[in-house]
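The values are calculated or read from the model by the stated rules, or taken from the named source; none is laboratory data. It should be emphasised that the depicted structure is a prediction, and the values quoted were computed from it without experimental measurement. A quick note on method: Cβ atoms are made from the backbone with ideal geometry, for glycine too, and the neighbour counts reach across all protein chains shown.
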Amino acid sequence: MKIPTTLKHKPVIVSENYENVDGRYAYNTDAKGLSLGLAQWNDRGKVDISAKVWRYTGEKWSRQSEELPFHRVLDLAILICRAKLHFREAYRYENLYDTEKPVIDRVGLQGDAMTVSVCTDNEKINEDIKLFQQALSDNDELLSERLRTLSKILKEMGY
């Protein structure tokens, strides 16, 4: 299915077969494509670029399609990696985290740091963190394949 080019987000680089590789949802997803392009929120004289997940309901392109600035896509990747790293050793804690120190890490970015922590405001955190860890474990093969690919590309780029 072709990604629309007449909407506010202007695709430049696309993956129009994303529905075939959407993790556990492959071949059964409404996420039909990914694109990198000119952001829909661009103002006259100012150009931002973004990544977009294109969703299709079977009848029309969905308003639930998500568009993210590149730095947020990378910030999400950093957050996923940091979470995976935490859960490698989380078994050491009764509740899968240090209840006295729920901050897992502070990742330095542009003069400050992104705080990565367990959401202790969640009333069911002890139950939900176990479900999260199980889902992370269940999806390890999918995530690890993508992380290895990302690592390889980053090395090719000199990072």
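Yes/no per residue for (1) loosely packed, with under 13 Cβ neighbours inside 10 Å; (2) out of contact with any Asp or Glu (no Cβ under 7 Å at 6 or more places or on another chain); (3) touching a residue at least 60 places away in the same chain (Cβ under 8 Å):
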residue: Val12; (1), (2), (3): yes, yes, no
residue: Gly37; (1), (2), (3): no, yes, no
residue: Ser50; (1), (2), (3): no, no, no
residue: Trp61; (1), (2), (3): no, yes, no
Quick one: which strands (runs of 3 or more DSSP E) lie wholly within the stretch 1-70 and hold at least 3 residues that are farther than 22 Å from Asn139 by Cβ?
10-15, 31-38, 49-55
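Let's see how each residue does on (1) in contact with a strand residue (DSSP E or B) (Cβ under 7 Å, 6 or more places away or on another chain); (2) surrounded by 13 or more Cβ atoms within 10 Å (Cβ to Cβ); (3) assigned to a loop (DSSP other than H, G, I, E, B):
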| residue | (1), (2), (3) |
| --- | --- |
| Arg88 | no, no, no |
| Tyr91 | no, no, no |
| Ile104 | yes, yes, no |
| Met114 | yes, yes, no |
| Asp128 | no, yes, no |
Residues of the stretch 138-159 being touching a residue at least 40 places away in the same chain (Cβ under 8 Å) and either more than 18 Å from Ile78 (Cβ to Cβ) or assigned to a loop (DSSP other than H, G, I, E, B) (or both), which ones?
Asn139, Leu142
The one condition in (1) touching a helix residue (DSSP H, G or I) at 6+ places or on another chain (Cβ under 8 Å); (2) closer than 14 Å to Leu68 by Cα; (3) hydrophobic (A, V, I, L, M, F, W, C) that Leu38 fails to fulfil:
(1)
Condition check for Asn95: outside any strand (DSSP E or B), closer than 26 Å to Leu131 by Cα, in contact with a helix residue (DSSP H, G or I) (Cβ under 7 Å, 6 or more places away or on another chain) and not β-branched (Val, Ile, Thr):
yes
Right, Leu79: assigned by TED's automatic domain parsing to the domain that holds Ser137, part of a loop (DSSP other than H, G, I, E, B) and within 30 Å of Lys130 (Cβ to Cβ) or not?
no
